[in-house]
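Take a look at the structure set out below.
The values are calculated or read from the model by the stated rules, or taken from the named source; none is laboratory data. Everything numeric here is computed off the predicted structure, so don't read it as measured data. Glycine gets a Cβ as well: all are built from the backbone with ideal geometry, and neighbour counts include every protein chain shown.
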Amino acid sequence: MNIKPLLLLAPALLLSACTFVQLSDAGAGVAQFGAGDVANCEEKGVVSSQTRDKVLINRSADAVQEELTVLARNEAARLGANAIVPIGDPEDGAQRFRAYLCQ
């Protein structure tokens, strides 16, 4: 059995499940809610997030979703928001969120 192909593939498999985005201190103050939870909140805008959904092979859907949410939380904090609500599902490593300021 030739082990070289397996050794070359191993790093790609490991990276496919990893997340590379860090939640900022400001982003830590932003929560993800459902649409019904923000009825009394002020909309601050729409944020878009994008990450790689493929690194040689398709990345874990959970890892991609986690990165998209972290990116959106970080960006929403820059708008002065403290909550985000997804607008649809992730597609091709991208997703949009509405950002809100809730009291």
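Structure notes:
- Filter pass, residue 98 being at pLDDT 95 or above, out of contact with any strand residue (DSSP E or B) (no Cβ under 8 Å at 6 or more places or on another chain) and over 14 Å from residue 21 (Cβ atoms): no
- The residue that is nearest to residue 93 (Cα to Cα), among those in segment 31-83 that are among the β-branched types (Val, Ile, Thr) and surrounded by 13 or more Cβ atoms within 10 Å (Cβ to Cβ), is 51.
- Of all residues in segment 21-39, those that are in contact (Cβ under 8 Å) with a residue 12 or more places away in the chain and in contact with a helix residue (DSSP H, G or I) (Cβ under 9 Å, 6 or more places away or on another chain) total 11.
- Hits in segment 31-83 (condition: farther than 13 Å from residue 96 by Cα and of a type in the set (Asp, Glu)): 37, 42, 43, 53, 62, 66
- Selection over segment 51-88 of residues that are modelled with pLDDT under 95 and part of a strand (DSSP E or B) gives a count of 5.
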